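The values are calculated or read from the model by the stated rules, or taken from the named source; none is laboratory data. These figures come from a predicted structure and were not determined experimentally. Cβ coordinates were reconstructed from backbone atoms using ideal geometry, including for glycine residues, and neighbour counts include every protein chain displayed. Only protein heavy atoms, including side chains, enter the accessible area calculation; ligands, DNA and RNA are left aside. Shrake-Rupley method; radii C 1.70, N 1.55, O 1.52, S 1.80 Å.
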Amino acid sequence: MSVLFWGLAVVLVASAMWTIMASKPVYSVVALLANFFALAVLYLTLSAEFLAMIQLIVYSGAILVLFLFVIAMLSSGVASFSVGPNRLPRIAVPAVLLVLIALGLVVVGIFMPHPAPLPLAGAAVNAGAVGDANVFGSVADFGRALFTTYLLPFEVTALILMVAVIGVIVLAGEHAPYVGTPRRAEEVRKSLREAIAREGD
Amino acid sequence: MMLLLALLVPLAGAIACWALGPWLRNLAGWLATAAVGISFVATLLLWGAATQPGGVHLALFSWMSGFDFGLTLDPLSLLWALIITGVGFLIHLYSIGYMHGDRAFARFFAYMNFFIFAMMLLVLSDNWVGLLVGWGLVGLASYFLIGFWFERRSAVAAARKAFILNVIGDVGIMFAIFLIVANVHSIRFADTFAASATFGAPLLYAICAGLFIGAAAKSAQVPLHTWLPDAMEGPTPVSALIHAATMVTAGVYLVARCAPLWSHSPRAQMLVGTIGALTAIVGAILGTAQWDIKRILAYSTMSQIGYMIMGVGVGAYAGGVAHFFTHAFFKAQLFLASGLIIHALHNEQDVRKMGGLRARTPLAFWAILVGVLAICGIPGFSGFFSKDQIIQGVLENGHPWMYGVGLLTAGITAYYMFRLFFITFLGEYRGNVDPAQLGMAPEAVGAEVAHEPASTGSGEAHAPAWVMNLPVALLIVPSVLAGWLLFSTDGASSPWSRFFAAQFPTAAQASAAAVPEWATALIALGVVLAGIGVAVARYATRSAQANAVARLRDESLRMPKLLVNAFYVDTLIDGVFVRGARLLGSLFGRILDPHVIDGAVRGVAASAVGFGVLVRALQSGLVRAYALVIVLGVGCFLAYYVFGIPR
Amino acid sequence: MTPGLLPMPLVDYLALSAVMFFIGVTGVIVRRNPLVMLMSIELMFNAANLLFVAYARAWLNDAGHIFAFLVITVAAAEAAIALAIVVIAFRASKNVDVDEASALRG
Amino acid sequence: MLVLVLILLPLIAGALLFLLPRDDVAMSKSVGAVAAAAVLVLAVAERGESWAWRWFSHPFIAEIHFGATYLSHWLVVLLALCTLCAVLASNVPRTRNMIAALLLLEGTMAGLFLARDLLVFALFWDAMLLPVFFVLIGWAEHPATAWRYFTYNFAGGLTLLLAVAAFGALYGSTDVIGNPAYHAIASAWAPWMLAGFAFAFLVKTPVWPFHTWMPQTYEETPAPMVAVVSAVQSKAGLYGFIAIAFALFPSYFRQEAPILIVLAVISMLYGALVALVQADAKRVVAYSSLSHLGLIVLAIASQNPLALSGALVYIVAHGLFSAALFLVLGYVEEREETRSLARLGGLGWANPRLTGVFCITALAALGLPGLAGFVGELIILIGVYQAGLVWAAILALVAVVLASAYMLRLLQGATNGAEVPDLPVRRDLTLLEGLAVAPLLAALLYFGVYPHALLVLMR
């Protein structure tokens, strides 16, 4: 078991690193795909069957394809997009340092001795919601929970998706209210400056 | 009840004249006169009760404990009340003629009646606050009447000056009231006087000084006198009633009323006596330099009140009060008679443009002659008795230098009053002479012409002559005779002394004076005759009459600047206080307020803006920078949980 | 496997998730290509999901699964909207660089 | 319950006014006048325990508790009277909105004076800024004036709120106004709370040097509104000093009183001197207000019972004469179409009735004996003298002299002088205009002669 876990861990970290370091966005997508697959397997080891499926279908099937579409679309219009701006900015070094420090803190926090050990299975953390270990994570079990106890969050999901749909239509539709170009940005900046100057009087 | 009637009828008259003025028209004058007449009669009916020990007392109402209001009538207030209503009645009558045809005829009588009310309140009150209310209202009435012709700039300014100087006086009395209430816990005179023996000398002096500031402002004592000459901007009857006979003597009343306080404070006596003497001589000296007939009389009023104040100040209460009594008659008469002249000459007030008026205004001639004789203290006329009594009283109370000042002032008075008389009535009529020939400054000419515009050319055509002549004629009688009340062979048993026996019991302590009374009278007569002699030599001789025009011109041009500008007191007050206050006000209002205080507020606002500008740099608009900041925050958060907070 | 028992100690999952999460953070901060930044964000989401699932298993509680499901939904919505913004923001631009889009600068 | 009526009636009436047609002046005036008159009648007729009303009580949740002390009773009566007069005198463009604002101001200020809970007090404190703010937005010559008014006073409201919050946190209850149990507070935070309260009150009153918002606000607010603001809203600060600062923190108040005394004396002289040179008639009155209110602050700071009872007299008197003065100045401005003292003049012949009213008002303002202002002045200063502040009493007397100087300058400047042949409006005081100021003047005269009813403290 631990072999599988550590193997997946190596794949996950490596693909994540590749994702953020790839020179072309398409490579990033591929790396991310690998990452998601590894994650789905990890979910299976944690007996989250339904989520593993969702992970593959939604993330790999829908979101990453969306990314690919956008890359393809922008590549046709923007000459340099295929390469992408990959110069490392000045803040990269301190940023990475900062991130590493934060990571270090987390790791220290994880492995440092805790006064009270984390309660594991058997401890009645939330008695009402503790399921049967044999069927835990199965699609049926998940479905029952989703449509009984967690019906409201499920409905809210629908709302969120609807908002997203409307948002996309508004943003990318025929009459998009705001097109962010540098010139437009300069205009907005100018009008903001004027407004601030008026307020200051 | 009668007392309340005497007090309130003039108020009712004032309200009626003010509210119903447009409908009453000329009736307003008669209504107002009748109101004063009723008040006079009511006061007279109380004579018997008032001269009893304790007098008449009427409790009215109370604000709170210690603040009880009431009216009282004792010989002192009886005398004042009779003069106010009596002389006031005659002057009201006179005004019906004098003000005839004025646009604001009814308003004038409203003010006059209001004045009588305020003055009655002043003298009838049995407490400090009532006195102060009367005091302030009298000042207000005076303000209204001086500024009666309010379309004239000079009248408006004079009214304001009078009011503000009077407020300074009010404030002095207020200060005295603080001291009194803090120590006596009552505002009644009686309680105050009863407790006065327990006051320490400094407290007593402070009270007296505060009261005297009030007296000095109201009675035009140096250096608060500058409003009185300017007050002649009012109609002549006003000058007669307020600025000669009644209001200006309120200071005398106050000092006499507070005799128990002053008697215990020699320092206060010295202060009051000194100011009185100074005023007497300063007024007299300035009187010699005036050309406006009313201003001459105004300075003479100031000088005569100086006498009274000097008298009551040093303890010669009976003399000072007596001089008020006689002065009220002859000064009112002098003013009214000069009003006759002014009226007849179409508002000419400059004596240089008069001359030879004996035939034109015979009544004025006789009235002014009697008045002048009375004010100079010619034996037999009223002024002689009262003035002598003051001068002698001053000496008896141990102030020889005031005695000297009093005598000297008598001489100067005789000079300038006869100067007025001679220039006005002798020689040729100079009304048609070019003003420049008489040494009158051109701008002054313009100002003189503008005088008393409202009654121009309307008076003699319609008003019955007798309403103006009768009061003048009637006043001649007391001007001559009033003084005889003081006459007695042994001084103590005159009707006057008997009348005031209860009021001023300390008068009997008269120490043996260095100069007997008959000698004082002779010396005074001598000085007066000398003064008259100078006046005769300068204005009445045949040669002086012959080239009067040239002489007057000479005198006008050579008049010392110091006298023309009245010792620069006005200039000084204006320069130091008025300009000083304005300067400070401008400094505060134009610089401190908008720049310093608001500047500080703006500084606070600017620092907020500055902080915003500072923080604005963080708002880079770069998504990644925001992400970095979020990471920073997460890091801090993690550090908090990992390491905990240091305790 | 034994019900309620994890295949590995919980801290291992925690550590793995933390590493993935901070790789995602680094990507957001360092990269200027908006698409790569968005993908880094997806990485962070997934790191969080991993923890949800691990804890759900440890405590035998469905809530973790449900929450992971919600996160996936939100991620989908977010991706849709973010990509729409990217499209309109850079449609007319010659260069794809988030540092160019700084209209919100104060 | 009555107390609620006093607060809600004007608020509701004010809100309902907006339902009327915009240009129906007569209708909105009569509705406004009826509402204001009803409040006045109720306020005068009813007093005592029936005033108290409370809603719910819970540990440290503000209690909706209203009630009246004798001070707030008089302030509400004054408020109702001034509002009634202002409604009657309203003669501005968009009269309906002005009257609505006046009624809303009345409701919020009644709530302020009747609140027994500090949090409710703080709520109304900010609420009463709004009607004035919107009137300034709508009518002032410069919109900046409105912001200035709001910013200054809201800053005060903020410190007030902080102080109230601290008070509630420390003592568990904010239902303390007029509650004698809470008067001996000892805490390290008490001076800070006192400072927070005092700042709000100093700005609102205002006291030098927190006054700079006032002249501009008074100058640009239309006459009816500024009459109520200067007459009653300025009293909110004084009420706060008496009912909160003095009542809740007596020992700290005593300790810090010298600062207040110095500021009050500076206000008196400063206001008087600046009033002496102002070119604008309304600014003269504004600065005179600074001077007069300084006298009341001095009375409160002296903590002498006589001075405090005089302060009540003067609070009422100042309310009456400043309301009358601003209304009269409004009439004058309508007729001469200017407020500049250099150009005013000559009303004496053209408008004798107006001149008479102006005269009485100005005389009341300068403390003429026989009118209420004088009574207040005299009693306050006797008290101040008794409290041992001789120098303050003497400087106050200087301010009295200066008051007569600037008031006469104003009065004479407007009414005296040659008749103006081409006065824009020749109409003398109309009956309605006269009715609007008559009650104020009558009350001034009544209390000037017989202030017995106001001297409650000394009985």
* Taking a probe of 1.4 angstrom, what is the accessible area of C:Asp12 in Å², to the nearest 10? -> 20 Å²
* Structure fact -> Simple SL model, points at 7 angstrom along Cα→Cβ for A:Val96 and A:Ala62; separation in nm is 3.6 nm
* **Positive-end residue of B:Pro379, B:Ile177, D:Ile177, charge dipole of the protein assembly as shown with Cβ unit charges** => B:Pro379
* Asked: Put +1 on the Cβ of each Lys and Arg and -1 on the Cβ of each Asp and Glu in chain D; which of D:Leu273, D:Ala100, D:Ser322 then has its Cα farthest toward the positive end of the dipole?
  -> D:Leu273
* To do: Determine the share of the range A:1-76's accessible area contributed by carbon and sulfur atoms, expressed in whole percent, with a 1.4 angstrom probe.
  => 84 percent
* What's the center-to-center distance, using Cα atoms, between the range D:181-258 and the range B:31-104 in Å? -> 47 Å
* Any chance you could run the full-extension gain for B:Gln437 through B:Ile630? It's 0.36 nm times the residue separation minus the Cα-Cα distance, nm to one decimal. => 59.5 nm
* Structure fact -> With a 1.4 angstrom probe the carbon and sulfur portion of accessible area for the range B:201-256, in percent, totals 81 percent
* Could you calculate the FRET efficiency of B:Arg558 with D:Thr338 from 1/(1 + (r/R0)^6), where r is the beta carbon distance between them and R0 is 60 Å, rounded to 0.05? => 0.80
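Would you be so kind as to identify all helices of chain D, as entire DSSP H runs, whose Cα atoms reach 27 Å or more along the helix's own axis and whose mean Kyte-Doolittle hydropathy is at least 1.0?
Helices meeting the span and hydropathy rule in chain D are D:25-45, D:70-89, D:95-114, D:250-275, D:281-302, D:305-336, D:390-415.
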* Give the carbon-plus-sulfur fraction of the accessible surface of the range D:141-290 in %, rounded to a whole number; probe 1.4 Å, heavy atoms of protein chains only. => 74 percent
* Structure fact -> If R0 = 35 Å, then B:Arg360 and D:Thr430, at their Cβ-Cβ distance, give a FRET efficiency to the nearest 0.05 of 0.10
* Enter the buried accessible area of the C/A pair, total of both sides, probe 1.4 Å, in Å² rounded to the nearest 100. => 7900 Å²
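Under the classification rounded if a/c is under 1.5, otherwise prolate if a/b is larger than b/c and oblate if not, where does the range C:10-93 fall, given a ≥ b ≥ c as square roots of the Cα gyration tensor eigenvalues?
On the way: a/c = 6.99, a/b = 1.80, b/c = 3.88.
Because a/c hits 1.5 or more and a/b fails to exceed b/c, the range C:10-93 counts as oblate.
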* To do: Give the span of the range D:136-458's Cα atoms along each principal axis, as three whole-Å numbers ordered largest to smallest.
  => 68, 42, 32
* Rounded to the nearest whole Å², what accessible area per residue is found for the protein assembly as shown with the 1.4 Å probe? -> 38 Å²
* Within a 10 angstrom radius of each residue's Cβ in C:71-79, how many Cβ atoms of other chains show up on average? Whole number is fine. => 6
* Only Lys, Arg (+1) and Asp, Glu (-1) charged, at Cβ; the range C:10-93 dipole about Cα centre in debye -> 300 debye
* **Computed label-point distance, nm, for sites B:His185 and D:Met27 using a 7 Å Cα→Cβ extension** => 6.3 nm
* For A:Met73, solvent-accessible area (1.4 Å; no DNA, RNA or ligand), Å² -> 100 Å²
* Structure fact -> Given a Förster distance of 56 Å, the FRET efficiency implied by the Cβ-Cβ spacing of D:Ala188 and B:Ala19, rounded to the nearest 0.05, works out to 0.30
* Asked: What number, in percent, do you get for the relative contact order of the range C:10-93 if the mean sequence gap of Cα pairs under 8 Å and at least 6 apart is divided by its residue count?
  -> 27 percent
* About its Cα centre, what dipole magnitude does the protein assembly as shown give when the only charges are +1 on Lys and Arg Cβ and -1 on Asp and Glu Cβ, stated in debye to the nearest 20? -> 1920 debye
* Could you tell me which of the pairs A:Lys24/A:Lys190; D:Lys29/D:Lys235; B:Lys353/B:Lys561; B:Lys294/B:Lys561; B:Lys161/D:Lys204; A:Lys190/D:Lys204 are separated by over 30 angstrom between their Cα atoms in the structure shown? => A:Lys24/A:Lys190; B:Lys161/D:Lys204; A:Lys190/D:Lys204
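Counting only C-alpha contacts under 8 Å and six or more residues apart, can you give the relative contact order of the range D:136-458 as a whole percent?
It comes to 19 percent, rounded to a whole number.
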* Charged-residue dipole, Cβ positions (Lys, Arg, Asp, Glu), chain B about Cα centre, Debye nearest 20 -> 1260 debye
* Could I have the simple spin-label model distance between B:Leu583 and B:Ala600, label points 7 Å from Cα toward Cβ, reported in nm to one decimal? => 2.5 nm
* To do: Compute the acute angle (0 to 90°) between the alpha-carbon long axis of helix B:465-481 and the principal axis of greatest extent of the alpha-carbon atoms of chain B; round to the nearest 10°.
  => 80 degrees
* To the nearest 100 Å², how much accessible surface do chains B and D cover up together, summed over both, with a 1.4 Å probe? -> 4600 Å²
* What is the range A:1-76's relative contact order, in percent, from Cα pairs under 8 angstrom and six or more apart in sequence? -> 27 percent
